[in-house]
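Beneath this line is the structure, given in structure tokens, with notes to follow.
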Amino acid sequence: MNLEQILTFRRAVRKYDAQRDLDPEKVKECIRLATLAPTSSNMQLWEAYHITDPDTLSRMAEACLGQGSTRTCKQMVVFVTRQDKWKSHAQAVLEANIREVEENSPEDRKAARIALQRQYYNGRMPFVYRRCWGLAGALRVLITRVKGLFHPVARQVSEADMRTVVHKSCALAAATFLMAMSEQGYDTCPLEGFDSLRVKKVLGLPRHCGITMVVPCGFRAPGGVRGDRFRLPLSEFYHRI
Ligand SMILES: Cc1cc2nc3c(=O)[nH]c(=O)nc-3n(C[C@H](O)[C@H](O)[C@H](O)COP(=O)(O)O)c2cc1C
């Protein structure tokens, strides 16, 4: 399939064929492809939980409000944000970027480029990701607003903004996964209709992580897609300036 065929094939499938199962290794490969999605500052603060165990699937269906797609799917993938891992990820990305500079930068630029990387991952990342019962976020907003009086600044630094930042990147990974699944001829349905507290309980996740999307997977059953696709006219979306 070319990209347009993949995008056309992908539909939100609400009912799956009970007789046909997916190859879990292929689903895992689609999750690997999702790791190629871009993330903010390359921080990669997301995880995917691939559920194939029937008992866990039925507990997840309950946590997903009993939606038909979750009751009939053969496997499920849950996309989760892990903002709490910012320290170790910043360290790993910094080390990789320094290696890259050392291997590929001209000798006279190396020191300055490495200093910039250290400033970003040892300075900016702790500044934006550190949390302290909402106080760190409020302080960041204050500092940023003052700086913003004098020059352009990235203003989205509150605790709520940072949650959005990690959900955005995680959603890009989830979207990449949906495309990869389509390419295999596998069906999916992105969901946000779930009880996040119960989903975390079923998966044994810490309370502070975020559930971006639950994705039931399988082969579409007859009637699994509700009608023709509806989209507003392109003029609603497209604005050329
Ligand atoms: C973030 C997000 C959340 C969604 N939540 C649900 C959901 O809880 N239940 C459901 O049946 N479909 C859900 N959907 C699927 C949409 O309803 C569906 O994508 C939309 O109607 C367009 O249909 P299509 O995907 O077949 O093009 C969700 C989609 C997205 C992107």
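None of the figures in this text is laboratory data; all of them are computed from the coordinates on show. Please read all numbers here as calculations on a predicted model, not as lab measurements. Virtual Cβ from ideal backbone geometry, glycine too; neighbours counted across all protein chains shown.
Scattering from the C-alpha atoms of segment 112-241 alone, worked out with Debye: what is log10 I(q)/I(0) at q = 0.14, 0.19 1/Å?
-0.96, -1.19
In units of 2.2 N^0.38 Å, what is the alpha-carbon radius of gyration of the chain?
1.19
Could you list 159, 62, 102, 183 so that the one with the fewest beta carbons within 10 Å of its beta carbon is first and the one with the most is last?
Ranked by crowding around the Cβ, least crowded first: 102, 62, 183, 159.
Kindly provide the Kirkwood hydrodynamic radius of segment 86-157 in Å, to one decimal, from all pairs of distinct alpha carbon atoms.
Radius from the Kirkwood sum: 13.8 Å.
Set the bar at 29 Å for Cα to Cα. Now go through 28/110; 15/200; 74/168; 15/85; 147/168; 26/87 and name every pair that lies beyond it.
28/110; 15/85; 26/87
Can you give me the long-range amide H partners of residue 13? Hydrogens built in the peptide plane at 1.01 Å from N, cutoff under 5 Å, separation of 5 or more residues or another chain.
The answer is 188, 189.
For the residues 181, 162, 1, what sequence is obtained by ranking on other C-beta atoms within 10 Å, fewest first?
Going from least to most buried by this count: 1, 162, 181.
Per DSSP H run of n ≥ 4, the term is -39500 (n - 2.57); total these for the chain, divide by its residue number, and report the mean residue ellipticity at 222 nm rounded to 500 deg cm²/dmol.
-15000 deg cm²/dmol
Do any chymotrypsin sites (Phe, Trp or Tyr not before Pro) in segment 127-222 lie in a loop, going by DSSP, with at most 15 other beta-carbon atoms within 10 Å of their beta carbon, and if so which?
133, 150
Calculate the length of the line joining the C-alpha centroid of segment 184-218 to that of segment 122-182, in whole Å.
22
Check residue 212: other-chain or 5+ apart residues with amide H under 5 Å from its amide H, H built from backbone geometry?
79, 80, 81
Could you list the trypsin sites (Lys or Arg not before Pro) in segment 36-89 that lie in coil according to DSSP, counting only those with at most 15 other Cβ atoms within 10 Å of their Cβ?
none
Can you tell me how segment 38-149 classifies by the Cα gyration tensor, rounded, prolate or oblate, using a/c under 1.5 as the rounded cut?
In terms of gyration-tensor shape, oblate.
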